[in-house]
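Inspection log for the structure reproduced underneath, given as structure tokens.
The values are calculated or read from the model by the stated rules, or taken from the named source; none is laboratory data. These numbers come from a predicted model, not from an experiment. So basically every Cβ, Gly included, is an ideal-geometry build from the backbone, and we count neighbours across all protein chains shown.
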Amino acid sequence: MSKKSKKVVISKNPYSGKTARAEQNPVNYDTTRFKWLISPIYIDYDHDIYGWDRIPVQYLLGTIVTRFHTLEGQTWAEIKLADNHNHSKPIVELEGELQSRLKERDLDHLENLFQISVGNVPRIFGYREKQIFYPMWWDETHSICPTNP
């Protein structure tokens, strides 16, 4: 029995001019949209003053989550420009107790935290990695980074 030669017939050109989208790797993440993620690595549930366990569920869902959803429609540049209360804060400028807390939680390698305002006084401090914001502390009285009089 002889072997038949098999010839592949292509009915369409597989190279139709379409190219796969490459994942964006911007140098400046301020041009990317705000994203947030709750991570047990960063969020501090039981801090005496700034722990998330101190927030009533209604306020958490009705105000804080709503604030995050609003920010998701903006770029980091827009967030920073729209409100001067949204900014980076070097760790070395935090009070000693908070620096000790970071060390205790193996987060003393971080260089900066980012502050997001929630209304006039309350702030959320967290870690920003590229376009993702990881909430860490709930600062209800704006005492972590008070405004100079």
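Is one or more of the residues making up the range 63-81 touching a residue at least 40 places away in the same chain (Cβ under 8 Å) and more than 16 Å from the chain's Cα centre (by Cα)?
Yes.
Tell me yes or no: at least one residue of the range 128-149 is closer than 20 Å to residue 34 by Cβ, touching a helix residue (DSSP H, G or I) at 6+ places or on another chain (Cβ under 7 Å) and surrounded by 15 or more Cβ atoms within 10 Å (Cβ to Cβ).
To start, the set of residues in the range 128-149 that are closer than 20 Å to residue 34 by Cβ comprises 128-139, 145.
Adding the requirement that they be touching a helix residue (DSSP H, G or I) at 6+ places or on another chain (Cβ under 7 Å) leaves 130-131, 138.
Retained after the next criterion (residues that are surrounded by 15 or more Cβ atoms within 10 Å (Cβ to Cβ)): 131, 138.
Yes.
Quick check on my filter: what residues within the range 88-104 are surrounded by 15 or more Cβ atoms within 10 Å (Cβ to Cβ) and either in contact (Cβ under 8 Å) with a residue 12 or more places away in the chain or assigned to a loop (DSSP other than H, G, I, E, B) (or both)?
Scanning the range 88-104 gives 89, 91, 94, 98, 101.
Among 64, 49, 38, 43, which is out of contact with any Leu (no Cβ under 9 Å at 6 or more places or on another chain) and assigned to a helix (DSSP H, G or I)?
Details: 49 fails: assigned to a helix (DSSP H, G or I); 38 fails: assigned to a helix (DSSP H, G or I); 43 fails: assigned to a helix (DSSP H, G or I).
Among 64, 49, 38, 43, only 64 is out of contact with any Leu (no Cβ under 9 Å at 6 or more places or on another chain) and assigned to a helix (DSSP H, G or I).
Can you pull out the residues in the range 5-63 that are modelled with pLDDT of 85 or more and of a type in the set (D, E, K, R)? Before the answer, list the steps.
Within the range 5-63, the subset modelled with pLDDT of 85 or more is 28-63.
30, 33, 35, 44, 46, 48, 53, 54 - these are the residues of the range 5-63 that are modelled with pLDDT of 85 or more and of a type in the set (D, E, K, R).
Quick check, is residue 49 of a type outside the set (Asp, Glu) and under 20 Å from the mean Cα position of the chain (by Cα)?
Numbers: of a type outside the set (Asp, Glu): yes; under 20 Å from the mean Cα position of the chain (by Cα): no.
No: the conditions fail for residue 49.
Just to be sure, is residue 50 without any contact (Cβ under 8 Å) to a residue 40 or more places away in the chain and not hydrophobic (A, V, I, L, M, F, W, C)? So that I can check it myself, show each step before the final result.
Numbers: without any contact (Cβ under 8 Å) to a residue 40 or more places away in the chain: no; not hydrophobic (A, V, I, L, M, F, W, C): yes.
The answer is no for residue 50.
Which of (1) under 18 Å from residue 48 (Cβ atoms); (2) at pLDDT 95 or above is the odd one out, the single condition residue 110 does not satisfy?
Evaluating residue 110 over (1) under 18 Å from residue 48 (Cβ atoms); (2) at pLDDT 95 or above leaves (1) as the failure.
What's the total number of residues in the range 105-149 that are of a type in the set (Val, Ile, Thr), in a loop (DSSP other than H, G, I, E, B) and within 18 Å of the chain's Cα centre (by Cα)? Spell out the reasoning first.
Quick first cut of the range 105-149, residues of a type in the set (Val, Ile, Thr) only: 116, 118, 121, 124, 132, 141, 144, 147.
Adding the requirement that they be in a loop (DSSP other than H, G, I, E, B) leaves 118, 121, 141, 144, 147.
If we keep only those that are within 18 Å of the chain's Cα centre (by Cα) as well, we get 118.
Counting residues in the range 105-149 that are of a type in the set (Val, Ile, Thr), in a loop (DSSP other than H, G, I, E, B) and within 18 Å of the chain's Cα centre (by Cα) gives 1.
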